[in-house]
Amino acid sequence: MRLACIADVHLDASFAQLPADVARSRRQAIRESFRAALRHAHEEQVAALLVAGDLYEHDRVSRDTANFLRDAFAALAPARVLIAPGNHDWMGPESLYRLVQWSDNVHVFDSDRLTAVPLGDGITLWGAAHLRPAGTPGFLENFRIGDTGCHLALFHGSERGQFAFQGADKVEHAPFAEREVQAAGLVHAFVGHYHPPIDGRSYTYPGSLEPLRFGEERQGGIVIAEVAPGGRIERARIVVTQTRLWDERVDVGGATNAHEIVERVRAALLGKDGLARVTLTGELDPEVDLRFEDVARSVDGIHVLVRAENLSPAYDLDEIAQEQTVRGQFVRDLLDADLDDALKQRAIVTGLRALEGRDDLEVET
């Protein structure tokens, strides 16, 4: 039997860290990648599409998205669509999964305990749902299948062995260990929650169709799985990503003019397209007239967002402190102040820029 699996689509994601127009384009890219994934499922003539949670964002989802999903899944018939809601599209009273009149080929798991759906050819799929946005225990805890056969699972959860690699902002939901999959009598688990793709021995994370935050450079996609009745599984991945997200740090220390900064940014982004976040670091000549928007507009073929981190003018504070001027007195007073060194440096540089009437450089420490 041929199955397809997707997860972590996050339709209607806010992308709150992006400008409004860029956020809209990211949401549209998610729709396009989702449509591409479904086209591949249709072309591969899969018996069923498995959705391992976080299909949409519960707090932001629109009626337009509801209609979009209803029509897209109906068009897959006679292929079945089996959905295991995650922590972002949790199965609550106001969930789209309860409000939409789905076509007959769609099945949404609505229990926080694994329940069985026969797929045919001796293959059974066990699925479960998050019923709240947080606090869901592991679905495999105390779960055992009593009979033989080819049993698969579909859910949204955190494999403990991979959790440390998911980033500091990742929250553990419905945790499980890989050994629990086979201990439960399952041949394989198709799982959502981790955005990078992962092919474990007894589990698969398809990964998100589109990168959802900067730093997600490993591309997920749709997984096509050939499942033999005896339990042997062969997996293939199809990448459907519409836009790459790049996260680049550019040291502009020692630059004496804005054009030099632009050239360094251009070199860092050479050959890249899509959307890039560029973080400028280093100490600049105080005379540099740096405008982030000018840097962003100066790079062709890619949308650029510019920010600063540990970026400041390179003032010689010892020399300025010797001046018999207001500026010199300001620096002397702050150098003698009982302040944390980082805060003292920030206050001095900010004050010096203000005394110069400059507002073109964010001061970061």
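The values are calculated or read from the model by the stated rules, or taken from the named source; none is laboratory data. Computed from a prediction, not measured in an experiment: that's the story for all the values here. Quick reminder, even Gly has a Cβ in these numbers, built from the backbone with ideal geometry, and neighbours come from all protein chains shown. These area figures cover heavy atoms from the full protein model, side chains too; ligands, DNA and RNA do not enter into them. Shrake-Rupley method; radii C 1.70, N 1.55, O 1.52, S 1.80 Å.
Structural remarks
- Yes/no for residue 31 being outside any loop (DSSP other than H, G, I, E, B) and touching a helix residue (DSSP H, G or I) at 6+ places or on another chain (Cβ under 9 Å): yes
- Test: residue 34 is closer than 23 Å to residue 196 by Cβ, aromatic (Phe, Trp, Tyr), under 19 Å from the mean Cα position of the chain (by Cα) and surrounded by fewer than 21 Cβ atoms within 10 Å (Cβ to Cβ): no
- Enumeration of residues in segment 116-147 that are polar (S, T, N, Q) and either in contact (Cβ under 8 Å) with a residue 24 or more places away in the chain or open to solvent by less than 60 Å² (accessible area, probe 1.4 Å) (or both): 124, 136
- Filter pass, residue 85 being over 27 Å from residue 218 (Cα atoms) and assigned to a loop (DSSP other than H, G, I, E, B): no
- Flag for residue 64 being within 24 Å of residue 233 (Cβ to Cβ), of a type in the set (D, E, K, R) and either without any contact (Cβ under 8 Å) to a residue 12 or more places away in the chain or open to solvent by 50 Å² or more (accessible area, probe 1.4 Å) (or both): no
- Residue match in segment 20-31 (condition: within 27 Å of residue 116 (Cβ to Cβ) and modelled with pLDDT of 95 or more): no
- Candidates in segment 76-115 are the residues that are of a type in the set (Ser, Thr, Tyr) and surrounded by fewer than 17 Cβ atoms within 10 Å (Cβ to Cβ); of these, the one that is farthest from residue 154 (Cα to Cα) is 103.
- Subset tally (residues that are in a helix (DSSP H, G or I) and modelled with pLDDT of 70 or more) for segment 346-365: 9
- Of all residues in segment 112-160, those being among the hydrophobic types (A, V, I, L, M, F, W, C) and part of a loop (DSSP other than H, G, I, E, B) number 9.
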